[in-house]
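Heads up, the thing below is written out as structure tokens.
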Amino acid sequence: MPQAPPLTQQDISARLEERLGRVHARQRLGIESDHEAQIFGQGINFFHPENWYSVHAGIRTFLKLTGLYWRGQKNTEQIAIRHNYIEREDVPPKFDGFTILQLSDLHADMNPGPMPRLVELVEEVKYDVCVLTGDYRGNTFGPFEAALESMVLVRSRLKEPVYGVLGNHDTIRMVPGLEEMGIRMLLNESETITFGGQRLHLAGIDDAHYYRADNIQNAASKIPHDEFSILLSHTPEIYRQAAHADFKLLLSGHTHGGQVCLPGSVPITLDSVLPRHMGNGPWNYHNMAGYTSVGVGSSIVPVRFNCPPEITLHRLQRPSSFPRS
């Protein structure tokens, strides 16, 4: 089957204006143009090492000289399947056992090693809905076509429905291509999933880490406060706002779990402003459950140490059905 020709920049701009409205689309594109490739001074963190490419080259050279680079690169292919059981009394009875597959931080164009293994794994697992929590591209600016091409293969192995949000490495210009391949992008929006006459709500926000384009108020505006709601955010750094907006579950990524960790999976840095226990795996804040995925891909340099990549299966469960060991 012949592939459709790639969209021109004019086509992308027109589709974004149709999708988001003229003012929103131009504002979002303007924010990107103003802050692309900044190393200091933008977003939640003041310093952004992912934009300092001379440092990337130095790290890569050091690892090669020490002989660690190829070991770390091999580690990126050892993707684990992690299971997270979310036991809550407010899970609607009809959604008892509802399973969410989360993929995060693919950085698909700079991580060719893990992608074949990822494709194999997603065909093996069973789930009801798939969510993608951002960072499809390796760089934070520049071309994105290679990332979209890699995402086409991954998406072809995922069963519907698939929802996604943007990360700090992603440009809003990727949205038409991602949606064209069947990923419903949630840009400060929500969707309602209905089963057996009961509902849960899935919301997603735009990047809150670098571009600060998130709007939780918009994302939550159509969700009744007493119904079960899940928020997708690339970064977990907005956990306070999410909890106080009555979300019951926050699924995020961004931290890579540190990516390069000391023995015992102790991260050297998380590149995030949040308590360290929220940087990897399940956690709770007030009445909200949270989960931070360590992601599939790697950033800055394609290596991992003491922090294997993951895909995650989240199972919603009412207390009576929670498996006891």
Examine the range 77-100 for a residue that is on the phi > 0 side of the Ramachandran plot and either of a type outside the set (A, V, I, L, M) or touching a strand residue (DSSP E or B) at 6+ places or on another chain (Cβ under 8 Å) (or both), and state whether such a residue exists. yes
Over the range 275-325, the set of residues of a type in the set (Phe, Trp, Tyr) and closer than 30 Å to TYR69 by Cα is TYR291, PHE305
A careful count of residues in the range 140-155 that are part of a loop (DSSP other than H, G, I, E, B) and free of Cβ contacts under 8 Å to residues at least 40 places away in the same chain gives 3
Mind checking whether some residue in the range 177-185 is touching a Leu at 6+ places or on another chain (Cβ under 9 Å), among the acidic types (Asp, Glu) and farther than 30 Å from ASP90 by Cβ? yes
Tell me, please, whether a residue that is among the polar types (S, T, N, Q), surrounded by 24 or more Cβ atoms within 10 Å (Cβ to Cβ) and assigned to a loop (DSSP other than H, G, I, E, B) can be found in the range 246-264. yes
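Yes/no per residue for (1) surrounded by fewer than 21 Cβ atoms within 10 Å (Cβ to Cβ); (2) over 19 Å from HIS286 (Cα atoms); (3) of a type in the set (Lys, Arg); (4) free of Cβ contacts under 8 Å to residues at least 24 places away in the same chain:
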residue: ARG157; (1), (2), (3), (4): yes, yes, yes, no
residue: ASP170; (1), (2), (3), (4): no, yes, no, no
residue: MET181; (1), (2), (3), (4): yes, yes, no, no
residue: GLY196; (1), (2), (3), (4): yes, yes, no, no
residue: TYR211; (1), (2), (3), (4): no, yes, no, no
residue: ALA219; (1), (2), (3), (4): no, yes, no, no
residue: LEU231; (1), (2), (3), (4): no, no, no, no
Single unsatisfied condition, LEU270 versus (1) free of Cβ contacts under 8 Å to residues at least 40 places away in the same chain; (2) part of a strand (DSSP E or B): (2)
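We did not get these values from a lab; they are worked out from the coordinates using the rules stated. Bear in mind the structure is a predicted one, so any value in this text is a computation, not a measurement. Glycine gets a Cβ as well: all are built from the backbone with ideal geometry, and neighbour counts include every protein chain shown.
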